[in-house]
1. When the Debye formula is applied to the Cα atoms of the range B:598-713, each taken as the same point scatterer, what base-10 log of I(q)/I(0) results at q = 0.13, 0.15, 0.17 Å⁻¹?
2. In percent, how large is the relative contact order of chain B, given Cα pairs closer than 8 Å and 6 or more residues apart?
3. Quick one: which residues, 5+ away or cross-chain, put their amide H under 5 Å from the amide H of B:ARG747? H built at 1.01 Å from N.
4. In a Debye calculation with equal point scatterers on the alpha-carbon sites of the range A:11-59 and no solvent, what is log10 I(q)/I(0) at q = 0.22, 0.25 Å⁻¹?
5. Could you tell me which GluC sites (Glu not before Pro) in the range B:41-91 are loop residues by DSSP with no more than 15 other beta carbons within 10 angstrom of their beta carbon?
6. Can you tell me, using C-alpha contacts under 8 Å and at least 6 residues apart, the relative contact order of the range B:559-713 as a whole percent?
7. What is the mean number of Cβ atoms from other protein chains located within 10 Å of the Cβ atom of each residue in peptide A:233-242, rounded to a whole number?
8. Can you tell me the equivalent ellipsoid semi-axes for the range B:467-633? Use √(5λ) from the Cα gyration tensor, largest first, whole Å.
Amino acid sequence: MASFDVMPDMQLYQPVELDDALNLADRYAADGWILGGGQDTYGWLKDRAKHPQAMIDLNGIEALRGIRDSADGIEIGAATTLREIIRDKRINRDYRLLSDAAATVASPQIRNVGTLGGNLVQDARCWYYRRGLSCYRAGGNTCYADTPDGINREHCIFGASRCVAVTPSDTATAMVALEATMVVQSVAGERTVSAEDFFVGPDTHITQMTSLEPGEILTAVRIPAKWAGKKFYFEKIADRNVWDFALVSIAVAMSMDGDTIGDSRFVCGGVACTPHRLRHVENAARGKSLSDESADAVASIAADGARPLNANQYKLPMMENLVRRAMRA
Amino acid sequence: MSDYKHIGKDFVPPDIMGKVTGKAKYAEDFRVDGMVYARMYTSPMAHGRVTNIDTSAAEAMEGVVGILTAEDVPATDAPSAAILTNTPAYIGDPILAVAAEDEKTAENALASIRIDIEPLPFVTDPLDSLVAGGPDAREEGNVYVRSQEGSGFRTVKWTKEQVDEFRAGREPGGEYANEWSYGDLEKGFADARVIIEEPFVTIGYAHMSMEPRTAMAYWQNGTCYMHASCQSQSFFMPGLAAMLGVETKDVVLISENTGGGFGSKIGAYPIVGLAGYFSKKIGRPVQLRVTREQEYYMGSARVGFQGWIKIGFAADGRATAADVFIVEDIGPNATGGDASSAGGAISLVYDPEAMRFRGLPILTNTTPRGAQRGPGQNQIAAVMAPLMDKAAKQLGIDRLQIRRVNAVQNDTTVYAGQEPVTSAYMDEALQQGAEMFDWETRKNQAKRNGSKVRGLGIGQGYHSAGTNGFDGLVRITPDGKIHLHSGIGNLGTYSFASTSRVAAEVLKCEWDDCVIHHGSTEANLPWNSYQAGSVSTFTQTRTNYVAAMDAVDKMKRIAAETLGGTPDDYDIDGQRVFRIGTPAQGMSYGAVAARAIQLGGAYSGQTYPEDIHEITQRSVQNLAGSGLIGVAKDKLERNGVIPGLACAFVEIELDLETGKYDILDYVGIADCGTVLHPQGLAQQMKGGAVWGMGMAGLERHVYDPQNGLPANVGFHECRIPTYMDVPSVIQVGAVDLPDPQNPVGARGIGEPAMGCSVAALTSAISDALDGHIFGRTPISADMIVNHVAGLDQSFKPLQTNNS
């Protein structure tokens, strides 16, 4: 086994127009690598675990950057950095859930260059997969993690389907909670897809984390005004306070009528391959007030249906506790 | 003490500017004409036998310069680490290297190489090897015992019942490999009011030095020039020469800056041998760059423990007996020796009246182990702290008191041989720390606030902190400059500079007139100690002292010869040697140096003491005639164990719902004799505290036991604490009482600075959880959440390396 860490040869394109990027993405399809902030790029390439022929660098495309008004809420360019999101006044005022989530991503240094798009479409962090083993997600026919002695402390408790990896994205849970729409472009035009449908589990597509197909580029995210200024709760539990992925995280948006919860969105990260929406919790929370009593009542069902692996049963009480904390006054 | 000119004062170490400006050069930064780039192919299997190597495609590539395999380097006998091997014993064991005109070509060549390996049995958890029928990490056996009576492999197996008993926390009944004891153990336990008996696990983890051990070598006229990343300078050379099959005089080692070693770069390691042999084979300078992943594999790791301890206490808290049994994970190369050191630390820190240590070193196919900051002492510190708390609770005495009543003092005798200590002020350190931390107030404060619980912890750290018998070398030149030659090495602690200041102190000279020479054999350095084991301060202050005293003696003799009278008629000050009573009659240091050159002989290094090391001799020969030479071997008194000691007080706030805790306050107190360099000491105490925080809660080896794969080979996955995982303020202090066996009263501190931290944290976590003892490091959020929820942990009792 060789240990590689030098960038191998490949074509580098640095388009300044989106159309040129889309044409390149179309031309290279699965052999092209879309470069944003590069935080989930250079590891793969320098390790020679992925072998694209060409890199398409989006950083020169002005249209992909920035936070702007949309017809219904705001639109954030996919190449906007996490730091820009964290510091944006409007997001902090109206969509605090997103800036709170973005502020827990990786480290300050990574947030300075890491983009929203990159954070959303980053690949699974399962260490077996990242090691370059031929597992299901890598196109092979086995899972190393889902075995009696597998190292699966950080893997899923919901939605296992051959693969047991979890979503690593902190902003993805917030996007699902905020009912965001993903704007996807290709030479064929633009399509939009709800955040909930954008992230896909292994039962849908085992080698992809999103519904992006080769040749497509995530260009923007639209957040509707529906949840602007509502009550939010975000918390991420990770081993380290910085530069670490969630063991379990939660993003909650609640529409309050006085002290009473109306519509709500409860979404957990780190428990399934996709942001995991807790519909039964949302139903149970409806009509309740924020209090210790209702927190305990709702938390007790939070992890219903979970199927822990041999080393991650702690995620059940951790998940319950996060729901409990979100429901407290 | 306050009349010292340099001792106890801060100064700007000469390597600071290079580090803060990025101009400091490390081994990887050097380039020489004709240099080629080498990269390694390492084993993808935890244990195997290479049956075929096909490098034909690589050799046909343009730009590939050469291939080095195990046949090109001296063979080593198992279990010693080989430079290259055909029987790899861990994932990452180097099999071959390829050199090319540039790194990309070298990597392309690596990708084309095909190696067939026949798999052999492997094991990642020592207890899986110990149980009857379990796999052995080496074909020669599963245990390797190092002893003065003879080292060798053994095969030791326990019945499943014996292993299960051990896992269940009962006294192990199986065969062990080494043992020592003192006192009457039976009587000690009979005298005890309370007996604590607990199993424990401390998982080993990678050193992860910031600078990977890249090496660059070239040969000129039979001399090997080696740019390497070393903790030690002169001490590294004999081993390096032996590895290269040449004499020490034929090696020039350049290692001016080192990005951390922590025990992993003390002496010559195989990578330097690889660079040297490759350069020799292809006749070109070779830079062998080590990747971060490879530094994980071959950069060494802390030894892991799986153990059982029983310790008895009298009604007043005094430890009456301690019985400890440790299975130590010694990796594939049988490196470590931590377990017996842990036993020694128990005997010194808690001073039980009687004690027995039993150990069993078991080989695993995980990364090679080695000394890591407090090897043994710091693992057992983490284990012991909550046990002391439990005993205090059962006896109804204060947790501080039980530590004070057992604290090592000047008249304490330690270890199997019940040796004396040079001095020890643990009780003073505990009192000082308790006062700074306000222990009395804090221990009575409310603990619970919603889901958060406060926990207080006290930790104690120890490592022997000094050695002796090395050489010192100073030189005064006619321009009046004082040249301080330091061969200790520069692993990043500034101690090469702070210890040199002792010579300036003796010579009563201005620091601005001193020049430190270090970092290369060609800087003419003396034979100095390994820079490890917290020894630098005690050891190197002595060598600087004796060399400077020799220079003072020579200056007085030269003055007497030149100006009349006897040497005793003269004294020094103001960088002059002058006649006592008539200070106008004298010579400047520059004038004395010029006169020394005229007079020759020992004055200017034409002759030198016979008892100095050959490395020092060569340096003196090179310097002869350039000034006044002060050179001597350290033959000062040294009797007994030299303890470096530290204690820490910590307050945490642990969230029962998340399993996370914040460290609210940390106070660390050093007992390192006289404080030599306050900023350097503070840095050691703070850096050690952070390291201890990593060991307590974050860092550990993770291996998939099914296929021997390591899960955390990078910086990110190793979870080294970041600045956001540690308190922004870490308070430190020092007892600052002199050790009588050091001319300036100083002892070392590097390792205890960490041991007290990890111990304070395991103590505080236990305190926050009503005295629950996990008996394991690290204690991670999932363990705490499982415990609070009443769930089983996901690992078997005593299971290691895979959680």
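1. The Debye formula, applied to the Cα set alone, gives -0.83, -0.89, -0.97.
2. After rounding, I find 16 percent.
3. So B:ARG747 has HN proximity to B:GLY673, B:THR674.
4. Ignoring solvent entirely, the Cα scatterers give -0.73, -0.91.
5. B:GLU62
6. Computed value for the range B:559-713: 10 percent relative contact order.
7. 5
8. In descending order the semi-axes read 26, 16, 13 Å.
Only the coordinates and a few stated rules stand behind these numbers; no lab work does. The structure presented is a predicted model; accordingly, all values stated were derived computationally and were not measured. Here the Cβ is made from the backbone with ideal geometry for all residues, glycine too, and neighbour counts use every protein chain on show.
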